[in-house]
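Okay, structure first, notes after.
The values are calculated or read from the model by the stated rules, or taken from the named source; none is laboratory data. Just so we're clear, the structure is a prediction, and the values are computed from it rather than from any experiment. Here Cβ is always computed from backbone atoms with ideal geometry, including for glycine, and neighbour counts include all displayed protein chains. These area figures cover heavy atoms from the full protein model, side chains too; ligands, DNA and RNA do not enter into them. Shrake-Rupley method; radii C 1.70, N 1.55, O 1.52, S 1.80 Å.
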Amino acid sequence: MKISHVGAADHDIVTAAVAAAEARTSGEIVTVIAAQSNDYDDVALVWASIIAFIAMSVIALFPDFYQGLYYRVTGGWGHELTANQWLGTVIAIGVIKWIGMWLILLWRPLRLWLTPRAILAGRVRARAVDLFKVGAEAKTQGRTGVLLYVSLMEHRADIVADQAIAAKVSPDVWGDAMAALIDHVRAGRPGEGMAEAVRQMGAVLAEHFPRGSENPNELPDRLIEL
């Protein structure tokens with residue numbers, strides 16, 4: 001199910017889950033949701049170039065067939081093309097194919113579908129790390145900030161933790177929270193998915209970073225939508 005934004009109810013659910021989770025831990029959870037992490041323009045460029053190259057290669061491999069096709073299209077009135085004219089025609093066809101494929105890939109769902117999963121995961125991770133550096137890294141006294149990031153169009157999410165948390169909690173510990181989140185997002189319930197992930201993250205943080213006598217709220221509880 002494709003969704004590109006969340007509603008007010010989702011914001012309320014996630015914000016409440018963050019507040020409840022942080023009541024048990026000195027850790028600080030930041031939640032961010034985005035419609036998409038990257039435009040993948042480079043992926044569209046590569047695909048357009050591949051299609052253009054294939055088209056020109058096929059013509060080069062079967063020149064007699066395509067020259068015959070040219071003469072049939074012109075009704076036999078077309079003059080015989082010189083080698084340079086034929087080369088120019090092949091290049092022109094390649095350019096037309098490139099432009100056509102580029103225009104087709106302006107449709108974002110197809111562009112995403114043609115993007116390898118490893119690239120999708122890498123771009124989402126990179127965006128999560130960038131947001132973490134801006135909004136959560138070294139923003140708490142004990143370096144106990146952690147970012148939960150969801151990218152809707154890619155159906156992917158990531159968790160990035162500050163230094164103190166990363167030293168005690170290995171990335172695989174967040175696996176159950178991530179799995180629950182993705183299941184909900186795929187079912188069209190991003191708010192519930194993020195809230196469930198926050199609850200599970202809160203349990204992990206409470207185990208390693210229990211609430212102290214002083215527990216200032218150093219990072220925003222609200223869901224940030226980009």
At q = 0.16, 0.17, 0.27 Å⁻¹, what is the log10 ratio I(q)/I(0) for segment 148-226, with the Debye formula run over Cα points and no solvent?
-> -0.64, -0.72, -1.42
Tell me which residues come under 5 Å, amide H to amide H, from V30 once H is placed; ignore anything under 5 positions away on its chain.
-> V146, L147, L148
Rounded to whole Å, √(5λ) for the Cα gyration tensor eigenvalues of the chain, largest first, gives 54, 16, 13
For the chain, the longest principal axis of the Cα atoms and the Cα long axis of helix 190-208 enclose an angle in degrees, to the nearest 10, of 50
Would you mind putting 91-98, 200-207, 219-226 in packing order, based on average other-beta-carbon counts within 10 Å, highest first?
-> 200-207, 219-226, 91-98
If you average 1/r over all unlike Cα pairs in segment 72-198 and invert the result, what Kirkwood radius do you get in angstrom?
-> 18.6
Dividing the mean separation of Cα pairs under 8 Å (6+ apart) by the residue count of segment 46-193 yields a relative contact order in percent of 16
So, by mean Cβ neighbours within 10 angstrom, what's the order for 102-110, 189-197, 132-140 with the highest one leading?
-> 189-197, 132-140, 102-110
Å² of accessible area per residue within segment 136-211, as computed with a 1.4 Å probe and no ligands counted = 41
Which percent of the accessible heavy-atom area of the chain goes to carbon and sulfur, probe 1.4 angstrom?
-> 62
Take each of the peptides 58-69, 145-156, average the number of other beta-carbon atoms within 10 Å over its residues, and list them starting from the highest.
-> 145-156, 58-69
Would you mind checking the tilt of helix 117-135 against the longest principal axis of the Cα atoms of the chain, expressed as 0 to 90 degrees and rounded to 10?
-> 40
Please work out how much length the chain gains when fully extended from E218 to D39, using 0.36 nm per residue of separation minus the C-alpha to C-alpha distance, in nm with one decimal.
-> 61.2 nm
